[in-house]
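Take a look at the structure below.
The values are calculated or read from the model by the stated rules, or taken from the named source; none is laboratory data. Remember, it's a predicted structure, so these values are computed and weren't measured experimentally. As a convention, Cβ positions derive from the backbone with ideal geometry for all residues, glycine included, and neighbour counts pool all protein chains shown. For the accessible areas, the whole protein counts, side chains as well, though only heavy atoms, and no ligand, DNA or RNA atoms are used. Shrake-Rupley method; radii C 1.70, N 1.55, O 1.52, S 1.80 Å.
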Amino acid sequence: MALILLGAPLGNVGDASTRLREILASADVVAAEDTRRLIRLARELDVTVPGRIVSYFEGNEQRRTPELVDALTGGATVALITDGGMPSVSDPGFRLVRAALDAGVPVTAAPGPSAVTTALALSGLPSDRFCFEGFPPRRPGERRALFTRLSAEPRTLVFFEAPHRVQDTLADLAAAFGPDRPAALCRELTKLHEEIRRAPLGELASSAVEDPPRGEITLVVAGAPAAPAARPTAADLVAEVAAREAAGTPRKDAIAAVAAERGVPRRELYNAVHARP
């Protein structure tokens, strides 16, 4: 008895793991976002799926989840697979994972490809810290409001977007984040027509109009640059020198140290210190 989340290839069947093959060939039930795509994948992998195949997608999640939980609590091993990438990541799955955990069913994964981390790695943008925002709102007002809130986010941002909305989304991103913010448009990852466009948001928005991208799209946008540190006032610098003097540092040495640390001319600081009342 276990729910197993299967990481499906994004497009290149060669990315399928050995564990994915083994689980497809042994699970009692395979819940698939698209049963036709699952059958095609199994055929390409030369895997026979002996278990019961059922659909599990956004439109039937609420109805299908109790059925699958009943199968799990009855001792079945259920595999959950989406059309590509990991279940639950902007794809069906979270509802079933939560219900299985609440029912005391073990949940594990045979991890595999992820459009989020693949696009992030290929973007050439900082990847030490990032946040995934999924699909932006479809309504223009809600989308623009979201981008306004995210414009100061310092982490790299990752979005999914549909090809028929990507022009408007890029235009809204450029308006909210500025046209010079570095970004990458990644489409058809791992597939025959994979393409990575790396350019500032303004250029990407223009290119999406001139050459509309097709297929599955992941957008990666650099985080907001750090605000430049405010230059300390003369009073602040004089106070730092005075504090060091009070701690026993000779005035000459205190002035030299503060000038070096704060990046100000020593003579300028010397004059400020000696001009204080």
Q: Count the net charge of all other residues whose Cβ sits under 15 Å from the Cβ of residue 39, scoring Lys and Arg as +1 and Asp and Glu as -1.
A: +1
(Q) If I take every Cα pair under 8 Å that is 6 or more residues apart in the chain, average their sequence separation and divide by the length, what percent do I get for the relative contact order? (A) 17
Q: Give the relative contact order (percent, whole number) for the range 1-160; include only Cα pairs under 8 Å separated by 6+ residues.
A: 30
Q) What net charge is computed for the residues neighbouring residue 65, neighbours being all others with C-beta under 15 Å from the C-beta of residue 65, Lys and Arg scored +1, Asp and Glu -1? A) -3
Q: Kindly identify the range 1-135 as rounded, prolate or oblate by the Cα gyration tensor criterion: order the square roots of the eigenvalues as a ≥ b ≥ c, call it rounded if a/c is under 1.5, otherwise compare a/b with b/c, prolate if a/b is larger, else oblate.
A: oblate
Q: Would you mind telling me the share, in percent, of accessible area of the chain contributed by carbon and sulfur at probe 1.4 angstrom?
A: 51
Q: Using +1 at the Cβ of each Lys and Arg and -1 at the Cβ of each Asp and Glu in the chain, identify which of 106, 39, 131 lies farthest towards the dipole's positive end.
A: 131
Q. Tell me, what is the percent relative contact order of the range 43-137, built from C-alpha pairs under 8 Å that lie six or more residues apart?
A. 24
Q | Mean accessible surface per residue for the range 1-116, computed with a 1.4 Å probe while every protein chain stays in place, in Å² | A | 46
